[in-house]
Structures are given as structure tokens and as C-alpha cells.
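Undergrad: Can you read through this structure? Questions will come right after.
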Amino acid sequence: MGKFSSKVKGRSTTIPSRSAFLQVISALLFIIASLAVGSERKSIPAFNLKDLNGRLVSLSSYQGKTILINFWATWCIPCLKEIPDLVKLQRSIKGPFTVVGIAVASGEPSDIRKFAEDHGMTYPILLDPDQRAYQKFRVIGLPASFLVDRNGTVAKSYVGPQTYGRFAADIRAVLKP
């Protein structure tokens, strides 16, 4: 961690830099978020969000499919790192499965559409400009993902960016009959 020295009332003190302080705070938030998400199985909350074309979509319309709901934002650097793995999942996992991206407070639909096209996001994108879904899922950091089985039950939740391998193993386990 970066530090700088300071003399206060004749004493020399080493104080963590702002960057180091932010790293510690980020790590603590990650730990708290990991504990908050938990592993108990719950049904997904019911709500409707608009897609990039302005159509109202209900998550219940995915009933019968395994879905990976991914909360993300255009301004979120860890989200950006995770997107290629989500695109790969959408292309490679066979069976009744889809990734559903939920863009949180990310600007106008046209800006989000351009971002999605620029990053090859071929899976459905829903818009959560006022963070209603974000709050219903009790998300406290981005990215956050929820693996939902075909019955609409959260099988697994994730805080922070994940890898293709981790997601794929969990999805295949949920897809097994």
C-alpha cells in the first residue's frame, strides 16, 4: 500500500495514501457484500423492466429457462472485465439458458445500446435506471450476478467479477436434469 510521511506536533507519522485507504474500504465492502448475498435459495423478486427497444419485459417470461442475471453498469470497470466471459457463456452454453444483463443507472438507452454493441453483448439487456431491480435483489455492489434455475429460484449468487470457468461449471450443474 502506498504511504506518505507527515510531521504532526514534532512527531513523524506514516499515513496510508488515499489510494491505499480506498483499497482497504473496497476490500471491506467486498467482504460485507459476500456475506450479505448468502447461499440460501430464494425465488427471484417479481418485476418488469424495459429492454433496449422500450418493450416491457418480466423476468417471469424466462420461466422454464436457467438464467444468469447480471447487474452491471457502463461506468463499472470490473463489469467491463467480466463482459467477455458473459458473451462467451451466452454463445457456448447449450440448453434452455440465457444471460440477462440488467444495466443499472447507465444513461440513455441509446448510449447503453452502443456500449452493448461495442462490447459484443448479444444477450438480452434490461434497463434499471432508477435501481428498482437492484434494490429488490439487495445488490450492494457491481457487478453482481444471480444464477436462477428453471423454477425461478436463485441457485447461486456472485459478488464481483467472475470468470467463464466458474460461471460455466455452476450453470452446467443447474442445467443437469
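Undergrad: Under a Cβ-Cβ cut-off of 13 Å, what is the net charge of the residues other than residue 163 that fall near it, where Lys and Arg count +1 and Asp and Glu count -1?
TA: Charge balance in the 13 Å sphere: 0.
Undergrad: Same structure, new question: Based on the Cβ-Cβ distance of residue 58 and residue 138, what FRET efficiency does E = 1/(1 + (r/R0)^6) give at R0 = 22 Å, to the nearest 0.05?
TA: That pair, residue 58 with residue 138, gives E of 0.65.
Undergrad: If r is the Cβ-Cβ distance from residue 43 to residue 114 and R0 is 22 Å, what FRET efficiency results, to the nearest 0.05?
TA: Efficiency at R0 = 22 Å is approximately 0.05.
Undergrad: Further, regarding this structure: Using a Förster radius of 30 Å, what is the FRET efficiency between residue 149 and residue 77 based on their Cβ-Cβ separation? Nearest 0.05, please.
TA: So the FRET efficiency works out to roughly 0.50.
Undergrad: Related question: Apply the Karplus parameterisation 6.51 cos²θ - 1.76 cosθ + 1.60, with θ equal to phi minus 60°, to every residue of the stretch 46-62 and state each ³J(HN,Hα) to the nearest whole Hz, in sequence, with x for glycine and proline.
TA: 7, 6, 10, 9, 7, 8, 5, 9, x, 7, 6, 10, 9, 4, 5, 5, 9
Undergrad: Just add up the charged neighbours of residue 93: K/R +1, D/E -1, any other residue whose Cβ is under 12 Å from the Cβ of residue 93.
TA: Charge balance in the 12 Å sphere: +3.
Any read-out appearing in this document is the output of simple, stated calculations on the displayed coordinates, not a laboratory observation. Fair warning: this is a prediction, and the values are worked out from it, not measured in the lab. Note: ideal-geometry Cβ built from the backbone for every residue, glycine included; neighbour counts use all protein chains shown.
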